[in-house]
Amino acid sequence: MKITRKGLTSLILLVLMMIGLSNADAQSRRERKKQEEEAAKKAATQTQKAPEKKGGIQPFSKVITKDAETDEGLFNVHKLDDKYYFEISDSLLNRDMLMVTRIAKTASGIGFGGGKTNTQMLRWQKEGDKILLRIISTQVTAADSLPIAEAVENSNFAPILASFPIKAIAKDSAGSVIDATSLMSSDNKTMGLPGYYRSAYRVTRLDNDRSYITRVSAYPENIELRHVKTYFAGNSPSSSADESITVEMSNSMILLPKVPMQRRLFDRRVGWFARGTTDYGLDVQQSKTVRYLDRWRLEVKEEDMDKFRRGELVVPKKQIVYYIDRATPDKWVKYIKQGVEDWQVAFEAAGFKDAIIAKEAPSKEEDPDWSPEDVRYSTVRYLASPIPNANGPHVSDPRSGEILESDINWYHNVMTLLRRWFFVQTAAINPRAQSPEFDDEVMGRLIRFVSSHEVGHTLGLPHNFGSSNAYPVDSLRSAEFTQRMGTAPSIMDYARFNYVAQPEDKGVALMPEIGEYDKYSIAWGYRPILDANSPEAELPTLRKWIEDKKGDPLYRFGRQGNSNDYTAQSEDLGDDAMKASAYGIANLKRIVSNVRDWTYVQGSDYTELEEMYGEVRSQFNRYMGHVRRYVGGVKEDYKTADQDGLVYTHAPKAKQKEAVKFLNDELFNTPMWMLDNEIIGRLQDYGAVESMRSLQVSTLNDLLGWGKLGRVIENSTLNGSEAYSILELTADIRNGIWSELRAGKAIDTYRRNLQRAHIERLGELLTEDESNSRFGNSIDASQSDIRPIARAELKALQSSIRSAISRTSDRMSKIHLEDALVRVNDILDPK
């Protein structure tokens, strides 16, 4: 094609025009970019000037000035004047944390120092220019991969505990700074005095003028908050004059593991502290609560797997370490450490050696940063407190049950409790207990015993009150048996000390050790099941371990709290309460004969005598409680549906009848050996008669309690002649308490009081108001056999008393019987 000069000119002009447009476009883009950069700089400048805008995000240096005191840890905590700022890393947002709230310091009558009041799981979350602190519930769950997880989340919306505006961005731009002062200074019920104390003491509001923040401390895995709270309280137990309560609260914020430990599922046949969640993700046709153990994370090192499989003992990846508080008196440290390490033998049954060890806390010179509040350290804390007790709480991950740390609270005055127990239960046969103060070796051994017991709780074990019932009573008199087996198969029972042994039983052991049950339960809860990659996969092995021990009383768990189980009692020994208590009473008689000499301190008053004489009375009453539990009692022995046998079996008829005879002989027939005038005359000017009346009547009223009588009726209904019937029970009580009537014998003061109490109790069973007639086990008094039986008993007494009056020559006894007849007549035929 031929291009003319005119056409060529036009083409050149077109090209030049296009180039010009292209250059203009490029220039426009450059200008726009420049404008955007300038706008960004302007915005940044405006952000830097944000302090002038109330509530805006400020530069870090403007919020956290050089005057701030900084404590680095899980969060960096900055203190500036009276404000506390948390610098929360973005990596910690949406991480699960646990807040444990305790009363750190308290006044008399308001709990005790170190007592836990609340535990909640928390998450810090960022929402716009705010940081929210939310309370996370683990009560209902479902796996994230399941469709139902969304429904669970929608029904479990996390409430907001607190909201904080972001004050600044962290220096590294990977975190937020908030003013967290209000979290501690406000009346936040989650972090302050719990509701049950508020109700009991009629707390109205917080007094801000008398409340303040003590400190905030940061550690690598936790933040510790301390704040004093003073409340106006209409019913203050500590400061009634100004109607107020002051406590120091402690809140521990603990970072939970990113990946929770694998759970081990709970089985009620093995005693264990456990927690539960309702899991909606299970393939079952109902909502089901899944319970799992509280336990430490004990794992086998990779390099030791083959050894473990061969049955060799291995040291776990991470040992359980307890530090003994610096405040602990030097002479007791070794005994507390021994109590901790006594559990090594139990962990050997689980396949581990040196799984639990004790160390002394480093001195301030050795490690100035060491603190018992650091969640990385579990501590036995020695408290200067008049409370005669010790306890072993622990902190657990609610998602998995993993125990994260524990602090055993050891109160100084627990030694007083130990001295009383050891004296009243062993002094009759043990010369080293026959004094008002024990030597350090004896007290040290007692401290070791309590240390072992409390450590057991921190490992996940509850009380096993059924343990001591496994040993025949007479075995506890054998030196060979008790030296080998201790006084109970579990140190977690309240078996205390060997009150059964008699003076001739030389070399007998006096207290329990880590026993066969303890080894079994630790192995069941802690032994790794290597090939099981889920809690459900562990179940066949766990169940087999239980089945292997079935029927052997050494491995039975008897829970605390079933007041009807005569085989699972506190402070008892052996498999027969009547026989064990008879031995115990024989020893108490020996103690009463010598108690003045054994409590003598030159130049002192009778405080020691009064204390130990009171312990004799308490121990005797304890024996009566052990015996009366048989009447209407049952044995609870947990089983699964595929096991033979009943879970609940009634106490044998012969043993119930024997129990009532024992009470008639040892208690209702007044124990005059307790009423030593040489002792009473040194301790009180009045009260011995009333004290005995109270002792006798408390047992009588328990025997004729609504719940117990209801259980006796049910047993008789279900088991017929094999059961101890209510007719037999009430007749045996009547014949024992009124035994003087048949022969017209004189009736002394103690028996007259008891007989009147018997009439009064029968009258209550017959006439109590309908509004008060429902008692224990849903007994309806108006419709049960109890009232007809009470009427029949009163009529039987009416006849016997009327006949005995003429046979009785003692003037006071005759007056008593005439009055008793009037009382019975008035009940049966009220005017």
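The values are calculated or read from the model by the stated rules, or taken from the named source; none is laboratory data. No experiment lies behind these values; they were computed from the predicted model shown. Every residue, glycine among them, receives a Cβ derived from its backbone with ideal geometry; neighbour counts consider all protein chains shown.
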| request: Give just the number: which of (1) surrounded by fewer than 19 Cβ atoms within 10 Å (Cβ to Cβ); (2) under 36 Å from the mean Cα position of the chain (by Cα) does Arg682 not satisfy? | output: (2)
| request: Just need a number here: residues in the range 314-369 that are at pLDDT below 95 and in a loop (DSSP other than H, G, I, E, B). | output: 14
| task | Please go through the range 93-136 and pick out each residue that is under 21 Å from Pro398 (Cα atoms) and modelled with pLDDT under 80. | result | Gly114, Gly115, Lys116
| Which ones in the range 407-430 are among the charged types (D, E, K, R) and at pLDDT 90 or above? | Arg419, Arg420
| For the range 607-724, which helices (runs of 4 or more DSSP H) that fit wholly inside it have 2 or more residues that are more than 30 Å from Glu740 (Cα to Cα) and touching a Leu at 6+ places or on another chain (Cβ under 8 Å)? | 607-628, 677-683
| said: Can you say whether Glu373 is surrounded by fewer than 23 Cβ atoms within 10 Å (Cβ to Cβ), out of contact with any Pro (no Cβ under 9 Å at 6 or more places or on another chain), at pLDDT below 95 and at negative phi, as far as the supplied structure shows? | reply: yes
| In the range 451-478, residue farthest from the chain's Cα centre (by Cα) [restricted to those that are aliphatic (A, V, I, L, M) and crowded, with 23+ Cβ neighbours inside 10 Å] | Leu476
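Could you identify the single residue in Gly744, Gly710 that is in contact with a strand residue (DSSP E or B) (Cβ under 7 Å, 6 or more places away or on another chain) and either under 26 Å from Phe662 (Cα atoms) or at pLDDT below 95 (or both)?
Going through Gly744, Gly710 in turn, the sole match is Gly710.
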| Search result, residues across the range 167-213 that are more than 22 Å from Asn118 (Cα to Cα) and of a type in the set (Ser, Thr, Tyr) | Ser173, Ser176
| request: Look through Ser238, Ser217 and report the one residue that is surrounded by fewer than 19 Cβ atoms within 10 Å (Cβ to Cβ), among the hydroxyl-bearing types (Ser, Thr, Tyr) and part of a strand (DSSP E or B). | output: Ser217
| task | May I ask you to list the residues in the range 601-621 that are touching a residue at least 12 places away in the same chain (Cβ under 8 Å) and more than 38 Å from the chain's Cα centre (by Cα)? | result | Val601
| query | Counting only residues that are touching a residue at least 60 places away in the same chain (Cβ under 8 Å) and more than 22 Å from the chain's Cα centre (by Cα), which one in the range 509-519 is nearest to Ala479 (Cα to Cα)? | reply | Leu510
| message | Taking the criterion of being within 25 Å of the chain's Cα centre (by Cα), modelled with pLDDT of 90 or more and within 30 Å of Leu133 (Cα to Cα), would at least one residue in the range 270-283 satisfy it? | response | yes
| remark: Listed by first then second residue, the pairs whose first member lies in the range 173-192 and is in the same structural domain as His78 (by TED's automatic domain parsing), whose partner is in a helix (DSSP H, G or I), with beta carbons under 7 Å and at least 6 positions apart or on separate chains, are Ala174/Asp90; Gly175/Asp90; Val177/Phe60; Val177/Val63; Lys189/Gly195
| field | Flag if Val647 is out of contact with any His (no Cβ under 7 Å at 6 or more places or on another chain), surrounded by fewer than 23 Cβ atoms within 10 Å (Cβ to Cβ), among the β-branched types (Val, Ile, Thr) and more than 17 Å from Ile733 (Cα to Cα) | value | yes
| remark: Scanning the range 353-388 for residues that are in contact (Cβ under 8 Å) with a residue 60 or more places away in the chain and closer than 22 Å to Thr106 by Cα gives Ser371, Glu373, Asp374, Val380, Arg381, Leu383, Ser385, Ile387
